Amino acid sequence: MTKKYTDAEYAAMLPKKQVGTAVLFFNTKGELLIVKPNYKDGWLVPGGSADADESPLQCAARETQEEIGLDIPTLQLVGVCYGHKKGVFTDSLKFVFCGGILSDETSTKIRLQTEELEEYRFAPVEEAIPLLSSSLQKCVPQCVDAVKNNTVAYIEQ
């Protein structure tokens, strides 16, 4: 006879995935906002890992507020990136949102979270992509296209 598991026993057997977010912001020239972390090489876009019991949308809003000091009321899903297990890291899902075009006035209100970030700038998308982490280099171009086409991209890395 097959053992029947309690919900807790069954849940403990399920695989775990890391869930994170990335948020794309553009300026009035169409340039992408990128941020330079102080804890690793390369550039990123605002975003990060979801906390326990936090939805991807809540994570994106929280990380945007924490990292660049902006409360953006509307974030639109533009992509989901699946990353395979790599070294010590489990496989992952990254939900990519678009925060829209920041006006020149709003851009002046950006305040970096200095515990994690040392710099930000807007760069033309084609110049920003090679500066990003390898996982973002693989998913951001398709997500930028999704923004332009008002669709949602799915990317497996």
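A short reminder: the numbers here are calculations on the coordinates, not readings from a lab. Computed from a predicted structure; not experimentally measured. Using ideal geometry, Cβ is built from the backbone for each residue, glycine included, and neighbour counts are taken over all protein chains shown.
Mean separation of Cα pairs under 8 Å and 6 or more residues apart, divided by the residue count, gives the chain a relative contact order of 30 percent. Qualifying trypsin sites (Lys or Arg not before Pro) in segment 9-67, where qualification requires a DSSP coil assignment and no more than 15 other C-beta atoms within 10 Å, comprise K16, K17, K29, K40.
For K40, which lysines qualify as cross-link partners when the Cα separation must be under 19 Å and same-chain residues fewer than eight apart are set aside? Of all the lysines, those that pass the test against K40 - Cα under 19 Å, at least 8 places apart if same chain - are K86, K94, K138. PRE reach from V152 (point 7 Å along Cα→Cβ): which of segment 17-44 fall under 19 Å by backbone N? Of the residues in segment 17-44, 18-25 have backbone N under 19 Å from the label point off V152.
Taking 0.36 nm per residue of separation and subtracting the Cα-Cα distance, full extension of the segment from Y5 to Y82 would add 24.8 nm. Over the chain, dividing the summed -39,500 (n - 2.57) contributions of all DSSP H runs of at least 4 residues by the number of residues returns a 222 nm mean residue ellipticity of -8000 deg cm²/dmol. Basic side chains Lys and Arg get +1 at the Cβ, acidic Asp and Glu get -1 at the Cβ, and with that the dipole of the chain about its Cα centre reaches some 560 debye. May I ask you to list the aspartates and glutamates whose Cα is less than 17 Å away from that of K17, ignoring any residue fewer than eight positions away on the same chain? Within the straight-line cut-off, K17 pairs with D51, D53, E54, D91, E156. In order along segment 12-18, phi translates into HN-Hα couplings of 5, 7, 6, x, 10, 10, 7 Hz, rounded to whole numbers, per the Karplus curve 6.51 cos²θ - 1.76 cosθ + 1.60 with θ = phi - 60° and x for Gly and Pro. Sorting the segments 43-52, 82-91 by their mean number of nearby beta carbons within 10 angstrom, highest to lowest, gives 43-52, 82-91. Taking label points 7 Å from Cα along the Cα-to-Cβ direction, K109 and K17 give a separation of 3.4 nm.
Applied to segment 95-105, the Karplus parametrisation 6.51 cos²θ - 1.76 cosθ + 1.60 on θ = phi - 60° returns per-residue 3J(HN,Hα) values of 9, 9, 10, 10, x, x, 9, 8, 5, 4, 5 Hz, with x for Gly and Pro. Residues whose amide H falls under 5 Å from that of L117, counting only those 5 or more places apart or on a different chain, are N38, with hydrogens built in the peptide plane.
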